[in-house]
Amino acid sequence: VSAVAALNLSPRPGDPEGNLLLAEREIAAALALEPSLRYVVLPELFTCAYSALESIYQYAEGAECGESARFFTGLAKGFGIYIAYGFPEGVAGSPAGVFDSANLVGPEGVVATYRKRNLVGTTPEHIVFTPGTEPQIVEAGGLKVSLAVCWDVGFPETAREAAMGGADLLLVPAAWREPWGFQYDLTCAARALDNGVYVASANQAGAYPEANFATPGHVYGPEGTRLSSSSGPASIAAVDPSTSLRWRTSYGNTLVKGVGEEPLEIVS
């Protein structure tokens, strides 16, 4: 059994260097609280903050060799953990082909890069970013881990696709605005319960020019309950990979092929 932390932080707009140092401090603090910590999730577009999206291309970087990838890989190696964080992916300074992406990095380097597929239409997201098309499910630290970004979990199919691929844990960097905080909390819980998986999401926190972000993210168990307890910006809970299988065996496997069909074989 290992632990996962959702770090609900307030990155500064346009300050990647300062935001990386903020992450380092808060990850170290979370590890001091919970030495068994193995997975950390940070907010959406954390490196430069979810703000001033029209000019966010200035902070775009490569997924494999960008500054944040190098920084977080070094941090992950030093701490022996896995870190999921949001960043604008593309060619630095170029507005063409920028993705709202999340990296999962570990001691071995960049494990997965996910590009947000469901862009919000009530912000400039759908104008600024190119939507992604591919899911990501990878082995990381003994668990099968999948990634999603914010509004992706508003779509039940996103988490279902991960669960059907055998995922134990869905890590979700988010920047979920008010007044929809209730829906954020409900959505994360529902996606966990829908599929019998763990969902850990970190939300951006604080007041920004465009919006207020006031609802922290948490860790939810396969039964849909919030498992994590909060200490400052960190919300931490234990993750037991056998829980999903026990839940599905005891209370009914929801991973069905279709209406009236037999449940699919459980992937352990």
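Okay, here's what the table says:
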quantity	calculated
Measure of compaction for region 127-197 (Cα Rg per 2.2 N^0.38 Å)	1.12
Computed label-point distance, nm, for sites residue 122 and residue 249 using a 7 Å Cα→Cβ extension	4.3 nm
Two-decimal ratio, region 1-76, of alpha-carbon radius of gyration to 2.2 N^0.38 Å	1.15
Accessible area of region 1-120 belonging to carbon and sulfur atoms, whole % at 1.4 Å probe	52 percent
Whole-number accessible area per residue in Å² for the chain, which is evaluated in the context of all protein chains at 1.4 Å	41 Å²
Cα-derived Rg to Rh of the chain, Kirkwood definition	0.95
FRET E, pair residue 17, residue 178, Förster distance 25 Å, beta-carbon r, rounded to 0.05	0.30
Selection from 232, 215, 189 lying farthest towards where the dipole of region 154-263 points positive, charges on Cβ	232
Cβ charges +1 (Lys, Arg) and -1 (Asp, Glu), total dipole of region 26-175, debye	160 debye
Net length gained if the chain between residue 10 and residue 96 were fully extended (0.36 nm per residue, minus Cα distance)	28.2 nm
Antiparallel bridge percentage (DSSP; both residues within the chain; nearest 5)	65 percent
Angle in degrees between helix 181-195 and the longest Cα principal axis of the chain, rounded to the nearest 10	40 degrees
Surface/4 estimate of mean projected area, convex hull on alpha-carbon atoms of region 75-162, nm²	6.4 nm²
Of 65, 48, 150, the one that fluctuates the most in a GNM where the chain has Cα springs shorter than 10 Å	65
Unit charges on C-beta of K, R, D, E only; dipole of region 111-268, Debye	140 debye
Calculated diffusion of region 100-244, Stokes-Einstein form, Kirkwood radius summed over Cα pairs, 4 °C and 1.567 mPa s, µm²/s	84 µm²/s
Backbone N under 12 Å from the residue 240 label point (7 Å along Cα→Cβ), restricted to region 192-219	none
Computed magnitude of the charge dipole of the chain (debye, nearest 20; Cβ of K, R +1, Cβ of D, E -1)	360 debye
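The values are calculated or read from the model by the stated rules, or taken from the named source; none is laboratory data. Not measured: the values here are computed from a predicted model. Here Cβ is always computed from backbone atoms with ideal geometry, including for glycine, and neighbour counts include all displayed protein chains. The accessibility values were calculated without ligands, DNA or RNA, using every heavy atom of the protein model including side chains. Shrake-Rupley method; radii C 1.70, N 1.55, O 1.52, S 1.80 Å.
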